[in-house]
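Step one of this worksheet: look at the structure below.
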Amino acid sequence: MGVYLAILGVADETYRSIYLWHDVQWKVSARCKVAGFLSLLSSEVSALIICLITIDRFIVLRFPFSKMRFECRSASWACGLAWAVGFILAGIPLLPVVSHWDFYGQNAICIPLPITRKSFSGRTYSFGVMIIFNMVLFVLIAVGQICIYWSVRTNSMKGNTTKKSKDIIIARRLAIVVVSDFLCWFPVGMISVLAALGIPVPGEANVAMVIFVLPFNSALNPFLYTFNLLLEKWNRAEEDRMLKKLKLSFSVFDHR
């Protein structure tokens, strides 16, 4: 997603004040197609991997004694499959058999979100991948999160071992990421449905969703993970500091 934004930034600087005369040239260029491909790849792989993480946490927390879970090898294969699906979904519009779609060159930002009433070749594919496919993924993620929540609640009532506590921390961290993804994708889905029903949607919404909402979502996930890790380390350090202070107080008291 960062490379996609960098390509758009370079194009913006290159065609500043003269874009009107280079509109078609930019839309049919290889740079625009590469940018659109990277943006769609980023969005889909991100959603798929979050779905895989949700499945992994659900299995660990719901069936703690089951041998059916992601190990290093199976997790690598699952992530490889997610990337393969992402490449296929983003690569289909580039195939010669659908060259008439003009998919990534449909607009100046090189990613045809179906959030306007304007019809374009490949709109059905765009709606199917970006809205229907992602909606199915997030329904699965939402159901998984509900199950994880009940498992966490059950475990907290029974008294947790160290491993269970770590699993619960990871589940809570994942929940924050899922909520942020939902807040980013829900407006995209709603606007797309409204556009499909023929309700007028401002053209600026397309730019806002692609330039701000989706990149913000992709960039936010690593920071959410990092923030949670730093917060956990800070809490542990604070607990250790308080424990040392308490031990020192007891030792001084015993000495007296």
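The values are calculated or read from the model by the stated rules, or taken from the named source; none is laboratory data. Bear in mind that the values here come from a model prediction, so they are computed numbers and not experimental data. Here Cβ is always computed from backbone atoms with ideal geometry, including for glycine, and neighbour counts include all displayed protein chains. Note: areas computed on protein heavy atoms with side chains; ligands, DNA, RNA excluded. Shrake-Rupley method; radii C 1.70, N 1.55, O 1.52, S 1.80 Å.
Within the set of other residues whose C-beta is less than 11 Å from the C-beta of residue 55, count the net charge using Lys and Arg as +1 and Asp and Glu as -1. Don't skip to the answer; put the middle values down first.
Working: positive: 57, 62, 69; negative: 56.
Around residue 55, the charge tally is +2.
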What are the ³J(HN,Hα) values, in whole Hz, obtained from phi via the Karplus relation 6.51 cos²θ - 1.76 cosθ + 1.60 with θ = phi - 60°, for each residue of region 178-188 in sequence order, with x given for Gly and Pro?
5, 4, 5, 5, 4, 5, 7, 7, 4, x, 4
In whole Hz and in residue order, list the ³J(HN,Hα) couplings for region 19-36 that follow from phi through the Karplus curve 6.51 cos²θ - 1.76 cosθ + 1.60, θ = phi - 60°; x for Gly and Pro.
4, 3, 8, 10, 4, 5, 4, 5, 5, 8, 6, 5, 4, 5, 5, 5, 4, x
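Listed highest first by mean packing, meaning other Cβ atoms within 10 Å per residue, what order do 33-43, 50-60, 19-29, 84-94 come in?
On the way: 33-43: 22.0, 50-60: 19.6, 19-29: 12.2, 84-94: 16.5.
For the peptides 33-43, 50-60, 19-29, 84-94, the packing ranking is 33-43, 50-60, 84-94, 19-29.
With a 1.4 Å probe and every protein chain left in place, work out the accessible area per residue of region 1-148 in Å², rounded to a whole number. Don't skip to the end; give the middle numbers.
Details: 7870 Å² over 148 residues.
Computed with neighbouring chains in place, this is 53 Å² per residue.
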